[in-house]
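Following: one structure in structure tokens, then a few remarks.
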């Protein structure tokens, strides 16, 4: 390492990137500390947030397997790196449309006054994949959808949706407000898990003329596996803005469509109109949809009068298409995040407190499922929108927003996540 520094004139400015199996994290970090201690006088000429830094490290997910292991990994990192030099990556936070949501909320006076419990009925956050587990059973069967997606991605997306306006867009202010959201989530008691969480596994189905195997038929998956390939969670944020508003998070493999989106469902109009014939006119509630991927953009459903005699109301949609509006392709999330790490900007990275707060939220669910293997594990056909149990979870407020357009199973594969070694 020292020879490379001399040869390339890096002056000791090194960015380590742990895109390896999580079982290797601790030994690599310890060896970095043993070879060249990171503590002491430092510099990183291009840094923004910490111009004294000389060595930094990016840590991929999974960041721990549970709260205890995440806390341990944070302590290991703290012995070698200052916390300002640790970049805990979540590539979802690097997506342009997630960043655009911050601007949408805080740069437009039209929406922010409505962004609270007085006007919003519930919020849906979905991350659906059309692919199955493939050749990643060795990792995935010990993780499952709750660990792999909800703890590490969807809770962070929820924090962006629910955060208070920050004092600035500096990393410290952004991350502080997002952490406050996660810390305000109402704890889930063990006996509440069956009522607030759903787990399921995809089963064999025929899609586009091809047979898609069920999860237990995939290579390397145990025949009696109780791993969740679909998970849904209902949570509440106990603070002034969101008290009583349920947030519904769901994710799954072998779903009907590849999709990541937020759906803000507003409360219905408080008054029913009456037509000239005395019949009631019930407008549909307004709905705001933020598509993170694909078809990046924002749509707003509102009510309008149908042309013609009489008063007939029908929903209309205003669409903002990211590519069409700006005549540009969104940046690849990893490109943005890696450049930010080089610049020393942690705005789109999670701090240790966010990681641990997210684990605290899901641990009761994981503990209950571990203590009741297979209980409540519902089947859902590959190519569907998930199990009926998820529909029941949201039924008092729902249904889920399930776009009907089916994406072919031969769709081009998305760039592979760096966080899941095969």
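The values are calculated or read from the model by the stated rules, or taken from the named source; none is laboratory data. Keep in mind that this is a model prediction, so the values were computed, not measured. Because the Cβ atoms are built from the backbone with ideal geometry, glycine has one as well, and the counts that use them run over all protein chains shown.
Return a yes/no flag: does region 283-296 have any residue that is at pLDDT 85 or above, assigned to a loop (DSSP other than H, G, I, E, B) and either touching a helix residue (DSSP H, G or I) at 6+ places or on another chain (Cβ under 9 Å) or assigned by TED's automatic domain parsing to the domain that holds residue 143 (or both). Looking for residues that are at pLDDT 85 or above, assigned to a loop (DSSP other than H, G, I, E, B) and either touching a helix residue (DSSP H, G or I) at 6+ places or on another chain (Cβ under 9 Å) or assigned by TED's automatic domain parsing to the domain that holds residue 143 (or both), one finds at least one in region 283-296, hence yes. Between 241, 287, the distinction of being surrounded by 13 or more Cβ atoms within 10 Å (Cβ to Cβ), in contact with a strand residue (DSSP E or B) (Cβ under 8 Å, 6 or more places away or on another chain) and under 30 Å from residue 182 (Cα atoms) belongs to 287 only. Taken over region 59-112, the criterion of being surrounded by 20 or more Cβ atoms within 10 Å (Cβ to Cβ) and either without any contact (Cβ under 8 Å) to a residue 12 or more places away in the chain or part of a strand (DSSP E or B) (or both) is satisfied by 59, 86, 87, 88.
Residue-level check: of (1) surrounded by fewer than 18 Cβ atoms within 10 Å (Cβ to Cβ); (2) more than 27 Å from residue 234 (Cβ to Cβ); (3) in contact with a strand residue (DSSP E or B) (Cβ under 9 Å, 6 or more places away or on another chain), residue 339 misses just (3). Among the residues making up region 371-391, those that are in a helix (DSSP H, G or I) and within 21 Å of residue 260 (Cα to Cα) are 388, 389, 390, 391.
Taken over region 357-384, the residue count meeting the criterion of being within 20 Å of the chain's Cα centre (by Cα) and crowded, with 20+ Cβ neighbours inside 10 Å is 7.
Given (1) more than 30 Å from residue 35 (Cα to Cα); (2) modelled with pLDDT of 90 or more; (3) not in a helix (DSSP H, G or I), identify the lone condition not met by residue 134. Condition not satisfied by residue 134: (2). Might you check whether a residue that is without any contact (Cβ under 8 Å) to a residue 24 or more places away in the chain, in a helix (DSSP H, G or I) and assigned by TED's automatic domain parsing to the domain that holds residue 234 occurs anywhere in region 354-370? So far as region 354-370 goes, yes, one or more of its residues are without any contact (Cβ under 8 Å) to a residue 24 or more places away in the chain, in a helix (DSSP H, G or I) and assigned by TED's automatic domain parsing to the domain that holds residue 234. Just one of the listed residues (118, 73) is in contact with a helix residue (DSSP H, G or I) (Cβ under 7 Å, 6 or more places away or on another chain) and either modelled with pLDDT of 90 or more or under 21 Å from residue 335 (Cα atoms) (or both), namely 73.
Taken over region 319-336, the criterion of being surrounded by fewer than 20 Cβ atoms within 10 Å (Cβ to Cβ) and either part of a helix (DSSP H, G or I) or not assigned by TED's automatic domain parsing to the domain that holds residue 178 (or both) is satisfied by 322, 323, 324, 325, 326, 334, 335, 336.
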